[in-house]
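Written out below as structure tokens is the structure these notes cover.
Just so it is clear, none of the values below were taken in a lab; they were calculated from the coordinates. All figures in this text were calculated on a predicted structure; none of them were measured in a lab. FYI the Cβ positions are ideal-geometry reconstructions off the backbone, even for glycines, and counts take in every protein chain you see.
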Amino acid sequence: MLWQMYRMHELSVCQSMLRQVQELAFENHARTITAINLQIGPLSGVEPQLMNQAFPIASRDSIAANATLVIETMPIRVHCDACNTDSDATMNDLSCRACGNTLTQLIGGDEILLTDIELER
């Protein structure tokens, strides 16, 4: 049951992304969408593997039906005000890699970004 709930979440995210992409395609008088490129951070709440599984279902019977979905996983990044350093972090440890300060600000890793689409006219 939990597995299906996660799949439903990614399906909903795919459907929302496809509405946005199709609108861009129509604005640019495209016949089909051939590729969609996303950047997804580990703290975004979206699982790339499940997104890849949901994409064919969401795109069926659309102008993106034969598109390739390319997902780039982004790192978790934090900024430390104590030493003014940006560094990579992990899910369970958002401390500064340079000085060890635990009072950092998240600056990356929670994003879902549509970075590029390839259209055919």
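Quick rundown of the values:
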item	result
Correct option for log10 I(q)/I(0) by the Debye sum over Cα atoms at q = 0.18, 0.19, 0.20, 0.21 Å⁻¹ [calculated from the coordinates] among (1) -0.93, -1.05, -1.18, -1.31; (2) -0.88, -0.93, -0.98, -1.04; (3) -1.08, -1.13, -1.18, -1.22	(2)
For region 75-82, 3J(HN,Hα) per residue [Karplus equation, 6.51 cos²θ - 1.76 cosθ + 1.60, θ = phi - 60°, Hz, x = Gly/Pro]	x, 7, 10, 10, 10, 9, 6, 5
Nearest 10 degrees, 0 to 90: helix 2-27 Cα axis against the chain principal axis	60 degrees
Any cysteine of the chain lacking a neighbouring Cys Cβ under 4.7 Å - listed by number	Cys14
Debye, to nearest 20: dipole size of the chain, +1 on Lys, Arg Cβ, -1 on Asp, Glu Cβ	280 debye
DSSP-defined antiparallel bridges as percent of all bridges, region 2-120, nearest 5	75 percent
Nearest 10 degrees, 0 to 90: helix 48-59 Cα axis against the chain principal axis	20 degrees
Leu43-Ile57 pseudo-label distance in nm [points 7 Å out on the Cα-to-Cβ vector]	2.9 nm
Cα-based radius of gyration of region 60-121 once divided by 2.2 N^0.38 Å, which approximates compact folds	1.67
Helical contribution to [θ] at 222 nm, DSSP H n ≥ 4, -39,500 (n - 2.57), averaged over the chain, rounded to 500	-10500 deg cm²/dmol
